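The values are calculated or read from the model by the stated rules, or taken from the named source; none is laboratory data. These numbers come from a predicted model, not from an experiment. Methodologically, a virtual Cβ is constructed for each residue, glycine included, from the backbone with ideal geometry; neighbour enumeration extends over all protein chains shown. With ligands, DNA and RNA removed, areas are computed over all heavy atoms of the protein, side chains included. Shrake-Rupley method; radii C 1.70, N 1.55, O 1.52, S 1.80 Å.
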Amino acid sequence: MNLRHVRLVASHDLKDFRRQRQIWFSLFLQPVLLLLILGVVGYAMEQRGNAFRTKEFKALVSGPPEDTAPVERVIRDARFRVSRPSDIERPIVGGDAEVGVRVPPGTAAKLEAGEPVELTIMYLANRDQSEVALTRLRVAFQEFSREQTRRLLATRGLSADLVSSLKVASRDVSTTDRGARLQLSKFIPPLLLFQSISLLSLASNRLSGKKTQRTLEPLLVLPLDRRDILAGAGLSAMVLGAVPMLTFMIPVLVVSSLPIAFASGLSSPLMIAAALVTAAPMIALLTVSIGLALGSYTRGGESGGMMSGLAFIPVLAVGYLFQFVDSIPVVLPLFAAPAFGPVLYAREAMVDGIVPMQLATAAVSTVACSWVLLRIAARLLSSERSVLRGSS
């Protein structure tokens, strides 16, 4: 491979790109729009979660008034609005109330005597508000039950510590440094993979578009090796592809290092930066190589665009796999899988730091796969019958 020829082809393509302002606009716009959408979705989910935690739900109570009085006090203390309809099932199914409580006769007397009482809580499964209200109501009744037990023990001169011999402390993992990185590792690496769609399209269009414009013929008749032409086109695509990658990564790294991003912020944003910076070139190299192979195979810009869209479907599938499947095993052979390996490496490196063997396996596999694709593209370009045709 002649590096001088590669630089000449890349320089020519970059000069051509410089005159196409719509390309630069789309390169900046794609990651910005994605980040804005993610921000809006994240803010909406956070507000929805806060509303569930603080919302005053509506609870329905049925039973004799003298027996429901102590139960209603517990329900109101748990931030519920209480009403007593004749039918408690219909409003719950219709969405007018979140939960309902059936209180059996004799409840007040049994509570006073310390006898067990069986309440029935009615809710609507698969409705978020109803399930959250059910959980809140159960916690309130459990606390009330413990208070009743403490009162009965005190009247008999026994220690109230007998009620809770096991003390459990809870901790939100999103407030820990590793927990925050685990959250990021589930979403950021696949999103980094999605950003490479522009690289695949750019690399493919550098060849398929030139076929349509009939500008590839003069380049092919020059004494340049086909691999040098492909490498130059790929290099220019990677240089341009650095724009959406950086536009995406820099805001993510800045925001993730701020305390406002997570409950306690991240104490190791450099670990995330190292993971993304080392994974991005591998993803870019592979997607550019796929684009070059597609551009060499297709007959023109229109078919090139269609093939690029089809080729990126499995890449998108890999990204969604990482977002929705949490049980992907961390075994070394998986790091050698094209596209899958670099994203798996990015996920693990964001959580537990860079493991040299994982990085080496993903990098070697990506370079080998890209080299094979480049060889295939060179053969396709050499045998291209639609590029050099006779005058007849």
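Just read off the accessible area of THR149 with the full protein assembly in place, 1.4 Å probe, to the nearest 10 Å².
Rounded to the nearest 10, the figure is 60 Å².
Among 69-76, 84-91, 205-212, how do they line up from the highest to the lowest mean number of other beta-carbon atoms within 10 Å?
Sorting 69-76, 84-91, 205-212 by mean packing, highest first, produces 205-212, 69-76, 84-91.
Note down the accessible area of VAL367, probe 1.4 Å, to the nearest 10 Å².
In the full protein context, VAL367 sits at about 90 Å².
Starting from the residue with the highest accessible area, list LEU246, LEU276 in decreasing order, probe 1.4 Å.
Descending accessible area places them as LEU246, LEU276.
Mean separation of Cα pairs under 8 Å and 6+ residues apart, divided by the residue count of region 332-373: what relative contact order is that in percent? Display every interim value, and only then the final one.
Numbers: 33 pairs, mean separation 20.1, N = 42.
RCO, region 332-373: 48 percent.
How much accessible surface area, in Å² rounded to 10, belongs to the heavy atoms of GLU112 with a 1.4 Å probe?
Its accessible surface works out to 130 Å², give or take rounding.
I need the peptides 132-144, 96-108 ranked by packing, meaning the mean over residues of other C-beta atoms within 10 angstrom, with the highest value on top. Show your work: numbers first, answer last.
Details: 132-144: 17.0, 96-108: 19.7.
Peptide ranking by packing, descending: 96-108, 132-144.
What is the sum of charges, Lys and Arg at +1 and Asp and Glu at -1, for the other residues whose Cβ falls under 13 Å from the Cβ of ALA108?
Summing Lys and Arg as +1 and Asp and Glu as -1 gives -3.
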